[in-house]
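Novice: Would you mind keeping the following structure in view while I ask a few things?
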Amino acid sequence: MTEDTSTPVAGIGELAERTGVSVRTIRFYCDSGVLDYRRTGAGHRIFDLPAAIDQLLLVRRLRALDVPLPTIVRVLGGAESLGTAVAVERAAVEAELDALRWRRAALLAIEHASPGERTERVALLAAAHDRDTVLDTLVALWRPILGPLPGGLFDSFIDMHAPLPGEPAPEHVLAYAELSVLATDTDVKTAMAHQIWRSNRADVGDQRQLVTAVAQACEAAAPLVAAAEKPRAGTVLDQYVAAHAAARGRRDTPRFRRELLVGATDPDPRLQRYWRLTAQVTGVTATIGAIHHWMFDALHCSVRTE
């Protein structure tokens with residue numbers, strides 16, 4: 001570009017002197033497309049004042065906060081507001097802090113282990129080396145099982161049964177590591193699906209209706225499970241069985257109740273371990289698994305008394 005004498009200008013040396021930014025750095029910003037400039041007829045860089053000073057000072061201050069140059073370019077070009085850019089960077093920093101807290105807890109878990117346990121603990125924690133890996137693993141377990149569930153309800157289920165703590169303790173990371181190992185076990189996946197759906201899932205006509213109705217029955221049973229009340233026949237179990245019967249086009253009969261018990265996986269020690277770990281990380285004893293096990297025992301009671 002040629003020089004426009006109607007606007008106050010400064011050469012690169014003067015701009016460096018007035019802002020405290022080195023000539024070399026100013027050249028770099030120019031070549032990177034961060035800083036606007038023009039050229040004289042002789043080819044020297046010149047900068048419009050006071051805009052160049054304002055731009056350069058903003059660049060220097062944002063770089064001092066480790067804001068990336070591409071973000072700064074968008075801010076200077078008006079493609080992104082300063083407020084938005086700062087909010088995005090803050091969110092990125094928070095994600096980094098979350099990752100560091102998780103890593104710190106994992107390292108503490110190894111450090112606190114006895115010498116004979118450390119190698120095994122390292123292997124276990126490799127399954128949960130970061131928060132995102134844990135979440136992805138648990139979502140991969142539950143997505144096929146609860147596929148009919150609407151997206152918002154599925155997300156709520158994950159939030160309730162796999163809440164990732166902001167300040168994880170070593171025991172949290174260890175629990176999530178073991179949950180991750182269980183969640184990738186094919187046999188556990190099969191057993192978990194059977195616990196949730198009971199027998200003959202293929203006979204279910206409206207899977208979303210069943211999931212919704214069973215969730216309502218589980219909600220009614222939750223206070224009983226939390227209070228450690230003994231499983232028993234009654235209205236709560238009737239609601240649960242009615243949900244399964246309606247979804248299969250059947251009636252609640254003694255025969256149907258016995259069919260629901262066929263191949264039950266509730267006593268599987270791996271499932272019981274999964275739900276104990278879930279209770280540990282959530283602080284909630286009435287997990288979905290505990291409630292389904294309560295229903296399983298209540299079904300047995302109802303069949304025996306008929």
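The values are calculated or read from the model by the stated rules, or taken from the named source; none is laboratory data. The structure presented is a predicted model; accordingly, all values stated were derived computationally and were not measured. Cβ sites come from the backbone with ideal geometry, for glycine too, and all protein chains shown count toward neighbours.
Novice: Exactly one condition in (1) among the hydrophobic types (A, V, I, L, M, F, W, C); (2) under 27 Å from ALA162 (Cα atoms); (3) part of a helix (DSSP H, G or I); (4) modelled with pLDDT of 90 or more is false for ALA242; which is it?
Specialist: Going through (1) among the hydrophobic types (A, V, I, L, M, F, W, C); (2) under 27 Å from ALA162 (Cα atoms); (3) part of a helix (DSSP H, G or I); (4) modelled with pLDDT of 90 or more one by one, ALA242 breaks only (2).
Novice: Are any residues in the stretch 132-154 assigned to a loop (DSSP other than H, G, I, E, B) and not aliphatic (A, V, I, L, M), and if so, which ones? First the steps, then the outcome.
Specialist: Taking the stretch 132-154 as the starting set, the residues that turn out to be assigned to a loop (DSSP other than H, G, I, E, B) are 146-150.
Within the stretch 132-154, GLY147, PRO148, PRO150 qualify.
Novice: Next question, about the same structure. Taking ARG273 as meeting all but one of (1) surrounded by 18 or more Cβ atoms within 10 Å (Cβ to Cβ); (2) at pLDDT 90 or above; (3) not assigned by TED's automatic domain parsing to the domain that holds ASP130, write down the number of the exception.
Specialist: (1)
Novice: Do you know which residues across the stretch 165-206 are more than 30 Å from LEU237 (Cβ to Cβ) and free of Cβ contacts under 8 Å to residues at least 40 places away in the same chain?
Specialist: THR186 - this is the single residue of the stretch 165-206 that is more than 30 Å from LEU237 (Cβ to Cβ) and free of Cβ contacts under 8 Å to residues at least 40 places away in the same chain.
Novice: What are the pairs with Cβ atoms under 6 angstrom where one residue, in the stretch 77-92, is touching a residue at least 24 places away in the same chain (Cβ under 8 Å) and the other, located anywhere, is surrounded by 12 or more Cβ atoms within 10 Å (Cβ to Cβ) and of a type in the set (Lys, Arg)? Sequence gap at least six, or different chains.
Specialist: none
Novice: Same structure again: Would you point out the residue of the stretch 162-175, among those that are out of contact with any Leu (no Cβ under 8 Å at 6 or more places or on another chain) and in a helix (DSSP H, G or I), that is surrounded by the fewest Cβ atoms within 10 Å (Cβ to Cβ)?
Specialist: GLU171
Novice: Could you tell me which of the residues ALA233, ALA202, ALA227 is more than 20 Å from the chain's Cα centre (by Cα), aliphatic (A, V, I, L, M) and surrounded by 14 or more Cβ atoms within 10 Å (Cβ to Cβ)?
Specialist: So the residue among ALA233, ALA202, ALA227 that is more than 20 Å from the chain's Cα centre (by Cα), aliphatic (A, V, I, L, M) and surrounded by 14 or more Cβ atoms within 10 Å (Cβ to Cβ) is ALA233.
Novice: Hey, another quick one. Just give me the residues in the stretch 135-154 being modelled with pLDDT of 90 or more and either farther than 26 Å from TRP197 by Cα or of a type outside the set (A, V, I, L, M) (or both), in sequence order.
Specialist: Listed by number, the residues that qualify are ASP136, THR137, TRP142, ARG143, PRO144.
Novice: Can you confirm whether ARG255 is without any contact (Cβ under 8 Å) to a residue 12 or more places away in the chain, surrounded by fewer than 19 Cβ atoms within 10 Å (Cβ to Cβ), of a type outside the set (Val, Ile, Thr) and farther than 23 Å from PHE157 by Cβ? Don't jump to the end; show me each part of the working.
Specialist: Values: without any contact (Cβ under 8 Å) to a residue 12 or more places away in the chain: yes; surrounded by fewer than 19 Cβ atoms within 10 Å (Cβ to Cβ): yes; of a type outside the set (Val, Ile, Thr): yes; farther than 23 Å from PHE157 by Cβ: yes.
Taking the combined requirement at face value, the residue satisfies it.
Novice: Okay, moving on. Among the candidates PRO231, PRO267, PRO223, PRO254, which residue alone is in contact with a Cys (Cβ under 7 Å, 6 or more places away or on another chain) and either not aliphatic (A, V, I, L, M) or not assigned by TED's automatic domain parsing to the domain that holds ASP203 (or both)? Full working, then the answer.
Specialist: Working: PRO267 fails: in contact with a Cys (Cβ under 7 Å, 6 or more places away or on another chain); PRO223 fails: in contact with a Cys (Cβ under 7 Å, 6 or more places away or on another chain); PRO254 fails: in contact with a Cys (Cβ under 7 Å, 6 or more places away or on another chain).
Just a single option satisfies the conditions, and that option is PRO231.
Novice: Taking ALA87, is it modelled with pLDDT of 95 or more and out of contact with any Phe, Trp or Tyr (no Cβ under 7 Å at 6 or more places or on another chain)? Let's see the steps before the verdict.
Specialist: Working: modelled with pLDDT of 95 or more: yes; out of contact with any Phe, Trp or Tyr (no Cβ under 7 Å at 6 or more places or on another chain): yes.
When the stated conditions are applied, ALA87 passes them.
Novice: Applying the selection to the stretch 205-216, what residues are surrounded by fewer than 21 Cβ atoms within 10 Å (Cβ to Cβ) and closer than 19 Å to PHE154 by Cα? Break it down into steps so the answer makes sense when it comes.
Specialist: First, pick out the residues of the stretch 205-216 that are surrounded by fewer than 21 Cβ atoms within 10 Å (Cβ to Cβ): 205-209, 212-213, 215-216.
If the condition is that a residue be surrounded by fewer than 21 Cβ atoms within 10 Å (Cβ to Cβ) and closer than 19 Å to PHE154 by Cα, then ASP206, GLN207, ARG208, GLN209, THR212, ALA213, ALA215, GLN216 are the ones that fit.
Novice: Filter the stretch 285-302 down to the residues that are of a type in the set (A, V, I, L, M, F, W, C) and buried (at least 17 other Cβ atoms within 10 Å of the Cβ) and list them by number.
Specialist: Step one: filter the stretch 285-302 for residues of a type in the set (A, V, I, L, M, F, W, C), giving 286, 288, 290-291, 294-296, 298-299, 301.
Correct list: ALA286, ILE288, ALA290, ILE291, TRP294, MET295, PHE296, ALA298, LEU299.
Novice: Could you list all residues from the stretch 216-236 that are within 25 Å of LYS189 (Cα to Cα) and in contact (Cβ under 8 Å) with a residue 12 or more places away in the chain?
Specialist: Filtering the stretch 216-236 down to residues within 25 Å of LYS189 (Cα to Cα) leaves 216-219, 221-222, 225.
Once the filter is applied, which keeps residues that are within 25 Å of LYS189 (Cα to Cα) and in contact (Cβ under 8 Å) with a residue 12 or more places away in the chain, the stretch 216-236 yields GLN216, ALA217, CYS218, ALA221, ALA222, VAL225.
Novice: Within the stretch 58-105, count every residue that is acidic (Asp, Glu) and exposed (fewer than 11 other Cβ atoms within 10 Å of the Cβ). Let's see the steps before the verdict.
Specialist: Residues of the stretch 58-105 acidic (Asp, Glu): 66, 80, 89, 94, 96, 98.
From the residues that got through so far, the ones that are exposed (fewer than 11 other Cβ atoms within 10 Å of the Cβ) too are 66, 96.
Selection size over the stretch 58-105: 2.
Novice: Further question on the same structure: Restricting attention to the stretch 20-52, which residues are among the polar types (S, T, N, Q) and modelled with pLDDT of 90 or more? Outline the logic, then answer.
Specialist: Within the stretch 20-52, the first condition is being among the polar types (S, T, N, Q), and the residues that meet it are 22, 25, 32, 40.
The answer is SER22, THR25.
Novice: Still on this structure, please answer the following. Go through (1) within 18 Å of the chain's Cα centre (by Cα); (2) surrounded by fewer than 14 Cβ atoms within 10 Å (Cβ to Cβ); (3) under 20 Å from VAL173 (Cβ atoms) and name the single condition GLY152 misses.
Specialist: If we test GLY152 against (1) within 18 Å of the chain's Cα centre (by Cα); (2) surrounded by fewer than 14 Cβ atoms within 10 Å (Cβ to Cβ); (3) under 20 Å from VAL173 (Cβ atoms), just (3) comes out false.
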